[in-house]
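One structure, pasted below without further comment.
Read-outs throughout are calculated quantities, based only on the coordinates presented, and are distinct from any laboratory measurement. Given the structure is predicted, the values throughout are model-derived calculations rather than measurements. For neighbour counting, all protein chains shown are included, and Cβ atoms are generated from backbone atoms with ideal geometry for every residue, glycine included.
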Amino acid sequence: MLQRAVRMYCVKGMREFKVDDSNRSVWRLICRRHTQGCRWLLRGIAKPDGLWEITKFHPKHTCDMGQSRADHCNLDINMIAHVLLKHIEETPRMPIKTCISMVHSKYGKIISKRKGFLGRRRAFEMIFWAFKPSIDGFAHCKNVISIDGTHVYGRYDIKLLIAVGMDANGSIFPLAFAIAANESNETWGMFLTHLQTHVIKGRQGICVLSDRHKGILHNMRTLEGWQPPHAYHRYCLRHLKVNLQTKFENGTVNKLM
Ligand SMILES: [Zn+2]
């Protein structure tokens, strides 16, 4: 969220930033014209609840960006997709020219054809599907659903989100799939909403197993119909073990799990 807000702020203010330091807990930005002596700076720190706090901000630019209508380096594909989203639903094959002019009327910047193309593709956001035999079969499965996301290797940079159940023999029973541009609060929220509507259909007491991806945690806490008594969230032991192994590399701890 911080990234999106800062990008919008900088694009509207006609200033460009570059990332000076970035990891899981820190996001530090400086003006793109820092070498010319501009002292603009912003630093955000990740909080335990998943939100970001701005801990340092020097808002004054001493550099000169002019009034150029040309592209802005911080106007990224996600922001473009966000502008196009509603229109794409009505006109999936919207010409790139139209995409470019929509972004221009929103941000006053003329993006390249390539950015327009990538933004249009990103705007599709997610495709969700569940086969009827899976939907019918879930009625005879245990009250357990595992969800996970995985990277799809190939031409496109996309994620596959999956939900599987467990049949009476304890075997995996595929329930639903989605192709998404990324794993985020939004895409996991959409996935879980569709899963609830089309597969779970109000069944109570579902135990949901997953890793601790922020998008999943956020939605299991806040999305309607995913807290007790509707659903109970538990962490996948396999993921937990892998995380422990990576963090501690301790044979004894691993054997205990
Ligand atoms: Zn500056």
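Taking only Cα atoms, what is the 0 to 90° angle, nearest 10, from helix 96-107's long axis to the longest principal axis of the chain?
So the inclination is approximately 70 degrees.
Can you tell me how the stretch 164-257 classifies by the Cα gyration tensor, rounded, prolate or oblate, using a/c under 1.5 as the rounded cut?
Prolate, because a/c is 1.5 or more and a/b exceeds b/c.
Setting aside same-chain residues fewer than 8 positions from K115, which lysines have a Cα under 16 Å from its Cα?
K97, K106
Rounded to the nearest 20 Debye, what is the dipole magnitude of the chain about its Cα centre when Lys and Arg each give +1 and Asp and Glu each give -1 at the C-beta?
With only Lys, Arg, Asp and Glu charged at Cβ, the dipole is about 860 debye.
Add +1 for every Lys or Arg and -1 for every Asp or Glu among the other residues with Cβ under 12 Å from the Cβ of H213, and state the total.
That works out to 0.
Another question about this same structure. Could you tell me whether the stretch 1-66 comes out rounded, prolate or oblate from its Cα gyration tensor? Rule is a ≥ b ≥ c as square roots of the eigenvalues, rounded for a/c under 1.5, then prolate if a/b exceeds b/c, otherwise oblate.
Prolate is the answer for the stretch 1-66, as a/c is 1.5 or above and a/b outweighs b/c.
Is the shape of the chain rounded, prolate or oblate, going by the alpha carbon gyration tensor and its root eigenvalues a ≥ b ≥ c, with a/c under 1.5 for rounded and a/b larger than b/c for prolate?
Values: a/c = 2.68, a/b = 1.56, b/c = 1.72.
Verdict is oblate for the chain.
In percent, how large is the relative contact order of the chain, given Cα pairs closer than 8 Å and 6 or more residues apart?
11 percent
Now a separate question. Distance from the Cα centre of the stretch 47-102 to that of the stretch 187-215, in angstrom?
Cα centres, the stretch 47-102 to the stretch 187-215: 30 Å.
If you count, for each residue, the other Cβ atoms within 10 Å and average over each peptide, how do 186-196, 6-16 line up from highest to lowest?
186-196, 6-16
Then there's this: Is it possible to state the helix-based mean residue ellipticity at 222 nm for the chain, with each DSSP H run of 4+ residues giving -39500 (n - 2.57), the sum divided by total residues, to the nearest 500 deg cm²/dmol? What is it?
-10500 deg cm²/dmol
Also: Which of Y232, Y153, Y107 moves the most in a Gaussian network model of the chain with Cα springs under 10 Å?
Between Y232, Y153, Y107, it is Y153 that shows the largest mean-square fluctuation.
GNM, the chain, Cα, under 10 Å: largest mean-square fluctuation among R122, R93, R39?
R93
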